[in-house]
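Notes for the one structure printed next.
The values are calculated or read from the model by the stated rules, or taken from the named source; none is laboratory data. Just so you know, these numbers come straight off a predicted model, no measurement behind them. Note that we place each Cβ from the backbone using ideal geometry, even for glycine, and neighbour counts take in every protein chain shown.
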Amino acid sequence: MPLEIELKLAFPEEALPALLRHPLIAAAPRAGEPATLDNTYYDTPALTLRAHKIAVRLRKQGAQTIQTVKCAAASHDGLTRRPEWERAWDGQFDFSAIDDPAAAALLDRTRDELAPVFSTRFRRDTRRFQPRDGVSILAMIDTGAVVAGARAAPISELELELAAGDADDLRHLAAELRKTLPLTPEDVSKAERGYRLLSRP
C-alpha cells in the first residue's frame with residue numbers, strides 16, 4: 001500500500017517573501033519549474049466518501065491529469081501518514097490499483113454517483129532538500145485558494161514530503177524553519193478544508 005508521509009505548515013500570506021528568502025529555501029534546488037495546479041474533488045451527493053474519510057481528486061497540471069485517492073489518517077503537529085494511490089486519468093475513474101479492500105469496495109460501489117463537490121487552485125514551488133545521504137525531502141510552497149460554490153478561502157501552506165529518510169528528518173527541517181518564520185503546524189488537509197467550506201451555513 002503506497003504511503004505518503006508529510007508535515008504541513010501554514011503561514012500568513014504576507015510571510016511568503018520571507019519564506020522564499022530563508023537561507024534553507026533559497027539554497028535548495030528547484031524540483032521542476034513552479035506550476036499552477038487545478039484540483040477537483042469528487043464525492044456522492046450524500047458525501048459518502050467524506051463519511052468514510054476517503055478523498056478522490058483529479059489534478060490537472062498542464063496537459064496532464066492525475067487521479068488520486070487518499071485515505072485519511074490522524075495528523076499530529078502537522079505530520080501525517082496516509083495511504084495514497086495515483087494514476088494517469090484516461091477519462092473515467094479507475095480504482096483497480098486500490099489495495100485497501102474496504103476503500104476499493106466503497107469506491108466501486110459509488111463510482112457512478114461521483115460528481116465534483118469543490119476545487120482548489122494554487123501555485124506550487126517545489127524545492128528538494130538532501131541534507132545527508134539517504135535523506136530527501138520535497139518542500140512544496142502552495143499559494144492559492146479552495147473554492148466551494150460561491151465561497152472561497154486562501155491557501156498558504158508549506159508541505160514537507162518525505163521522499164527518503166525518516167519522519168524525524170521532516171520534524172528537524174520544520175523546526176529549523178520555524179525558528180525565524182511564522183509557520184504553524186496544520187492538521188487539516190486541503191480536502192477537509194474544502195468539505196468544511198462546502199458545509200458552512
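Points to keep in mind about this one:
- Residues being small (Gly, Ala, Ser), without any contact (Cβ under 8 Å) to a residue 24 or more places away in the chain and in contact with a strand residue (DSSP E or B) (Cβ under 6 Å, 6 or more places away or on another chain) - total across region 104-149: 0
- GLU157, sole failed condition from (1) more than 21 Å from ALA55 (Cα to Cα); (2) touching a helix residue (DSSP H, G or I) at 6+ places or on another chain (Cβ under 9 Å); (3) buried (at least 16 other Cβ atoms within 10 Å of the Cβ); (4) not hydrophobic (A, V, I, L, M, F, W, C): (1)
- Reported count of residues in region 45-80, each being part of a loop (DSSP other than H, G, I, E, B), over 17 Å from GLU159 (Cβ atoms) and touching a residue at least 12 places away in the same chain (Cβ under 8 Å), is 5.
- Subset of region 168-201 [part of a strand (DSSP E or B) and polar (S, T, N, Q)]: THR184
- Residue in region 50-60 that is touching a Leu at 6+ places or on another chain (Cβ under 7 Å) and surrounded by fewer than 16 Cβ atoms within 10 Å (Cβ to Cβ) present: yes
- Check on PRO116, touching a Phe, Trp or Tyr at 6+ places or on another chain (Cβ under 8 Å), loosely packed, with under 13 Cβ neighbours inside 10 Å and not hydroxyl-bearing (Ser, Thr, Tyr): yes
- From the list VAL56, VAL69, VAL146, the one residue that fits, being of a type in the set (Val, Ile, Thr), under 30 Å from GLU14 (Cα atoms) and modelled with pLDDT of 95 or more, is VAL146.
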